[in-house]
Each structure stands twice: as structure tokens, then as C-alpha cells.
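The values are calculated or read from the model by the stated rules, or taken from the named source; none is laboratory data. Everything numeric here is computed off the predicted structure, so don't read it as measured data. FYI the Cβ positions are ideal-geometry reconstructions off the backbone, even for glycines, and counts take in every protein chain you see. To get the accessible areas, we keep the full protein, side chains included, count just its heavy atoms, and leave off ligands, DNA and RNA. Shrake-Rupley method; radii C 1.70, N 1.55, O 1.52, S 1.80 Å.
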Amino acid sequence: MSEIDIPQPPAKPVRTLTSRIWHLAWASVEFRIGLCVFTLLLLAALLYPELRGIDPTAMNIRARFTPPLLLAEGFSWAHPLGTDQLGRDMLVRSLVGLRYSLLIGVTTVVLMLVIGCAVGMVAGYYGGRIDMLLMRLTDAQLSIPMIILAITILGVARPTIPAIILVLGLSGWPVYARVMRSTVMAERSKEYVRGARVLGASDARIMLSLLLPLVLPPIAFVAVLDIARMMIFESVLGFLGLGVQPPTPTFGNVIAEGRQYLLNAWWIATMPGVFLFLTLGSINLMGAALERARNSVYGGQR
Amino acid sequence: MFIMVFLAKRLAQGTLIVVLVAFVIFTLLRVVPGDPVRLMAGGMAPETLIEQIATEMGLRDPIPVQFGRYIASVAQGDLGQSFMRPASGAAVGGASFDDMTRSERARVLDLIAEAAPKTLQLALLAMVFALIVAVPIGVAGGLHPGRWPDRMALYLGSVFVSLPNFWLGIVLALLLSVKLGWLPAIGYRGFAYTVLPAIVLAVEMAPFIIRTLTVSVAQIMRQSFIDIARIRGLSRLQIIVRHALKNASVPLLNLLGVQFSMLLGGVLVVEFIFDYPGLGLLTINAVLQRDFPLIQGIAIVTSAAFVLINIAVDLATTAIDPRLEY
């Protein structure tokens, strides 16, 4: 990774690590491709359903099983991706599904970050018995297969959107806690932290205003990849019937419904998947580029 | 001697983790709404009968009492009996509420023992597929950092990781078994039925292997012992196989330990799509039927497997790289 040269002209004022990571990521083709695709999809998801004014749950029995444009006989320009078994427009349904998926994915990752970083920060900063307790808790949680936990809770309780976010967020934090703890432990004994303590700074102040801005960015960059992972999880839950419930369209439940009509209307199950794939692909490309940039910045620093 | 101490310590820790997992799942299942007795006896059963069955089964006792009783029997190797499934195989529950005597219900251990080998077969085949695809791509990427094999590894990894497994399963089933008729897809009647689910699972695992290998091979190739190997006159192939791959297998094994739960998630979905009668399908059905003993049993077995795999991984990595400590 060190073979990527990081431009560091000595005359320039020192740039923060964060902005160096951004610049390095921005310089890679992967990141730009990802960003373009993602922006297009996001705009489409935000604008198209509003502009068309079609309700994603509006049925039109006469237009049911309309195939997508140009791919089979009997297509219609009014429904570019065709319609499902109840004549609902697939493009609008996919895009509305994308909204929910993104909403859940982003919120979940934020929740995971908050819990994981708080636990890791406290454990790493105080050390000793608190650390021991919190880390055993983290280990135990890591060894519960997350998906079993999620489907157990959602299977026996009612799957609403906040419940889904809570379950996914609560089951995903341990990884962050571990990373956070190890970086905080490395920082804790450094001069500037000791200096701040001598100056009378409280523990909370040191943690929030000194350590957090330093250790959070490298973790947050990698969290981008987790947004995609959580979106997959959300759609898996939907697919199993444990996610957001129909008639609200999400990728998971649309595909699960379409599966019953796979042989005579293949597009119902496959088309939303293409959207999901494109979204995940763009997020993953951006995430991978950011991760590489982070690794090379931190690798070059050491 | 050293290794015995290590094993004893890790097994003790592992047992604690398994008990903790059992307790969490046990409590969760009893706290959330949804009465299993109502499902077992059927919607038409009178309230008094439901209370009677529940009391007989000990479901109205305080949770710690129930858990104590449960863990005591688990320690004796008895995971209890399924609420829903009779030993004969047909599904019970639903409309009728003629009370089955408890002895006729299937034992959880039997249900798991029946499903586990199929899942193991699926997971191993998927692992083989994933390694066949991912190792060449990952190693090539690691040997040429910044150049096209590295890019390709990045792109392929991103594509693979972005393919939702359930969607890929449906698309592959549509293409390979419906349109082309190459592979059977639904159910299990022989080894051929494992292939398609294994492919889907392999696609899910491959990106992580690719990424780990690219990073670790690139790191190892910068080490000085690689340069020295070159000076010692070893061929490039020898360097790669004997030095780079051997060292890169350590993070790969660690990945296996960490990603176990992800693999399990994949198994769950893939088995559900292809109606493959393994642990995953058993889990989903158990959750949908609120079959508490079965869910608990599966959680205990999987977390025990997780603990054991991680111990095995640590043993294997120290065998490969003696510098690592237990």
C-alpha cells in the first residue's frame, strides 16, 4: 500500500488526516464511479416517485403483469420496469424501497457507531475492571450469531421500522467497540492526554474533545461499508417476512412476493434486486476506496 | 502441558459464553409477546386449557427458575423436546387442540443432529468454491498492488459483496435450473442439490477472502525476508507458495473464525430459498413457529460451534506461525 505516493509538500500547512483521506479517496476512479451512481440513484429515489405522483401501493388490475420496456411483448411506456401481480408500478416500488433501505441502513450504522464507540471509549479509557466487564460483554455478543438474534427478536415481536433499526444496531456494535477500545488504549497514555489531565481536564472532557475527534474518523470511514451490509440485512429480513411489512414496499418483501410469480413474470423478483445491487455496489465502491485511502494514510504515517 | 492450560482456559471461557448466550436467548424468548402454547393448542382452544398446558410445561414459573431447570438438563445433554414437531415428522399445531402427549414430540437434539450434517456439507462445499475463486484473485491483487490485478480484486470484491444472496439465489435458480436445467434447485435428494446453494454461499464469502488476501499478501511481499529469499535464489513461485501464502493463511484463518456468524446468516437465507433441509431452515421454521426449545437448542449449538471453531483457529494459526502466542 505504501507504493501509493502521498503528496506531502513540506511548505504546505499540515492538513488533517481526515482531509487527506478524503483527497486520496477522491483521487481514485472507484470512488468517483461509486459516487456518481449513488447520487443518481439517490436523486431518482427522492424525486421520481414525487414527480410521477404514483402511489407505490396503488393497484391497477388491468395493467398487471406488464413486462419491463423492450424485454417482452406487451410492455408499456407508462411502466418502465413493468408492473407486479396487482398492477403496481415496479420502478416506483423499487425506488420507494430504496428510500426505506437507505434510511434503515444509515440510521442503523449511526446507532452502531454511537453504542460501539461509547462502550469502546469507556472500556479503553478507564481500563481495569470496567474494561474487563465491557469486553467480556462484547465477546459474548460477538459470539451470538447476529442473524439468529435478529430473527428471534423480530420473529416473536412485531417488526416495525424502529424495532428493525434497534435490533440491527444493537447486534452490530461489538466490532466498533473492539476497534475503538484498542485505539483509545494506545492514545490514553500519550503525553497530550496526560498533560490535559494535569491541567485538570475532566475525564469526560478528555474523552469527548480530545480523543473522540482523533479516533473517530478512521472508524467512521470504514463504517460506510457497513451501511451496505446493513441494507442487505434489512432486505434479508424483509425477504424472510420479518422486515418492514407489506404493503410498504422494501426490496426484501417485493422480491419475496415476486418469487411466487417467478415463472410467468420474472421481472417482479429480479428488477428490484438490480436496484439493490446497484446501490450496494456504489456504496461498496466508495467504502472500499475510503478504506484503502485510510489504510495508506495511516500506513504512511507510521 | 502449555497447550493443556490454554485449552482448559479457553474451554472454560467458552462454556461461560455459551451459558450467557443461552440465558440471553432464553430471557428474550420469554419477555417478548407471543404465547407458544396458544400456537401449539390452536386459536380455538379455551383459555383454561391453555393455562393448564402452560402450567404443566412449567411456562408460568419465574424466568430464573425456568432457566435453572433448563440449563441443568442441558448440562446432562438433554436439549429438551420441540414444542411443535412430532417425532414422526409431520407438523402439529394449528386448528386442532387435541393434546399430544409430550413423549411423542421430537427431541431437539435429534432434529439438530439430523440437520447439521447437511449444513456442514453445504458450508464445506461453499468454502471450497469460494477458495477456488478468491485465492487466485486475491493473491494476484496482493502481488501487484496499485496495478490492474489489484484493481480487479477491488472491483470483483465490491461486485460480489453487493450481490444480495437471496436475490442471487433466485436469479441463479431461474437461469441454471429453470431455463437451462443444469442443476436441481429445490429440496434435497442427493449431492447435486448442494451445488447451487453452495455457489450462492461462495459468492457471499469470496469478497472477504479476496480482501484479506490482497492486503496481507501485499504486506508480506514488502517484508525483508522476501527480498532475502530472492537473494537466496528461490524462484518466484517458491517465494509465493512457501513464504507469502503460508504467512497469508494466518489472517485468512482468523477471518474464518470472525466471519462464522456471517456464514451462518448466509446459510439461513440460502437454505430458506432452496428449501435445503439444514440448520438454517430449521432455525427459520423454529422462529416462525415460536418453537422455544428448538431456538434455544440451535443457539446453544451454534455458539458452542463458534467457540470451538475459534479455539481451533487459534491452535492452527500458532501451528503455522510459532511467533504468535496462545
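Can you give the FRET efficiency for A:Thr39 and A:Val114, using 1/(1 + (r/R0)^6), R0 = 41 Å, r = Cβ-Cβ distance, to the nearest 0.05? It would help to have the intermediate numbers written out before the result.
Details: r = 26 Å, r/R0 = 0.64.
Using R0 = 41 Å, I get an efficiency of 0.95.
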Just give the residues from segment A:256-286 buried by at least 30 square angstrom of accessible area in the all-chains context relative to the isolated chain, probe 1.4 Å, and say none if nothing qualifies. A:Arg259, A:Leu262, A:Leu263, A:Thr270, A:Phe277, A:Asn284, A:Leu285
Could you work out, residue by residue across B:150-161, how many beta carbons of other chains sit within 10 Å of that residue's beta carbon, and then give the average as an integer? 5
Among B:Val133, A:Val92, what's the order by accessible area (1.4 angstrom probe), most exposed first? B:Val133, A:Val92
Order these peptides, B:217-230, B:108-121, by their mean beta-carbon neighbour count within 10 angstrom, highest first. B:108-121, B:217-230
Can you list the HN-Hα couplings for segment B:164-170, worked out from phi with the Karplus curve (6.51, -1.76, 1.60; θ = phi - 60°), rounded to whole Hz and with x for Gly and Pro? x, 4, 5, 5, 4, x, 5
Could you work out what % of the accessible surface of chain A is carbon and sulfur, using a 1.4 angstrom probe and leaving DNA, RNA and ligands out of the count? 67
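Can you give the Rg to Rh ratio of segment A:69-224, both from alpha-carbon atoms, with Rh computed by the Kirkwood formula? Mind showing how you got there, number by number?
Values: Rg = 22.4 Å, Rh = 18.6 Å.
Using Cα coordinates only, the ratio equals 1.20.
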Output ordering of B:192-200, B:57-65 (per-residue mean of other Cβ within 10 Å, highest first) is B:192-200, B:57-65
Helical contribution to [θ] at 222 nm, DSSP H n ≥ 4, -39,500 (n - 2.57), averaged over the protein assembly as shown, rounded to 500: -23000 deg cm²/dmol
Sorted by mean Cβ packing within 10 Å, highest first, what order do the peptides A:279-286, A:79-86 take? A:279-286, A:79-86
The rounded separation in angstrom of the Cα centers of segment B:62-82 and segment A:204-273 is 36
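Test of understanding: what is the full-extension gain from A:Thr160 to A:Ala196, defined as 0.36 nm times their sequence separation minus their Cα-Cα distance?
Working: separation 36, 0.36 × 36 = 12.96 nm, distance 4.53 nm.
My answer for the length gained is 8.4 nm.
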Tilt, helix B:292-320 to longest principal axis of chain B (alpha-carbon atoms), in degrees rounded to tens, equals 20
Angle between the Cα long axis of helix B:63-75 and the longest principal axis of chain B, 0 to 90 degrees, nearest 10? 60
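If you take the accessible area of B alone plus A alone and subtract the pair, what total do you get in square angstrom, rounded to 100, with a 1.4 Å probe?
Numbers: alone 17630 and 15970 Å², together 29190 Å².
Protein heavy atoms only, the B-A interface buries about 4400 Å².
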Partner shielding of B:263-274, taken as the mean number of other chain Cβ atoms within 10 Å, equals 3
Accessible area drop of at least 50 Å² (1.4 Å probe, protein heavy atoms): which residues of segment B:219-262 qualify, relative to the chain alone? B:Arg222
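Enter the mean number of other protein chain beta carbons within 10 Å of the beta carbon of each residue in A:151-161, as an integer.
6
Top to bottom by accessible area (1.4 Å), largest first, where do A:Leu133, B:Leu213 land? Show your work: numbers first, answer last.
Working: A:Leu133 125, B:Leu213 5 Å².
My answer, sorted largest first, is A:Leu133, B:Leu213.
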Less than 15 Å Cβ to Cβ from B:Ile228, Lys/Arg counted +1 and Asp/Glu -1: what total charge do the surrounding residues give? +4
Between A:Tyr126 and B:Gln238, what's the calculated FRET efficiency when r is the beta-carbon distance and R0 is 51 Å? Round to 0.05. 0.55
Under a 1.4 Å probe, counting only protein heavy atoms, B:Met4 has an accessible area in Å², nearest 10, of 110
Formal net charge of residues neighbouring B:Gly265 (Cβ-Cβ distance under 15 Å; K, R +1; D, E -1): -3
Which helices count as membrane-span-like in chain A under these terms: full DSSP H, at least 27 Å along the axis by C-alpha, Kyte-Doolittle mean of 0.5 or more? A:29-52, A:90-126, A:212-239, A:266-301
Any chance you could look up the accessible area of A:Met59 with a 1.4 Å probe, heavy atoms only, rounded to 10 Å²? 120
Accessible area of segment B:150-245 with a 1.4 Å probe: how many percent of it is carbon plus sulfur? 66
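Accessible area, 1.4 Å probe, largest first: how do B:Tyr276, A:Tyr192 sort?
Numbers: B:Tyr276 0, A:Tyr192 85 Å².
From most exposed to least exposed: A:Tyr192, B:Tyr276.
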Ignoring ligands and nucleic acids, what accessible area does A:Cys36 show with a 1.4 Å probe (Å², nearest 10)? 80
Net charge over other residues, Cβ less than 12 angstrom from the Cβ of A:Ala288 (K, R count +1; D, E count -1): +1
Where does the protein assembly as shown land on Rg/Rh, using Cα atoms and the Kirkwood Rh? 0.98
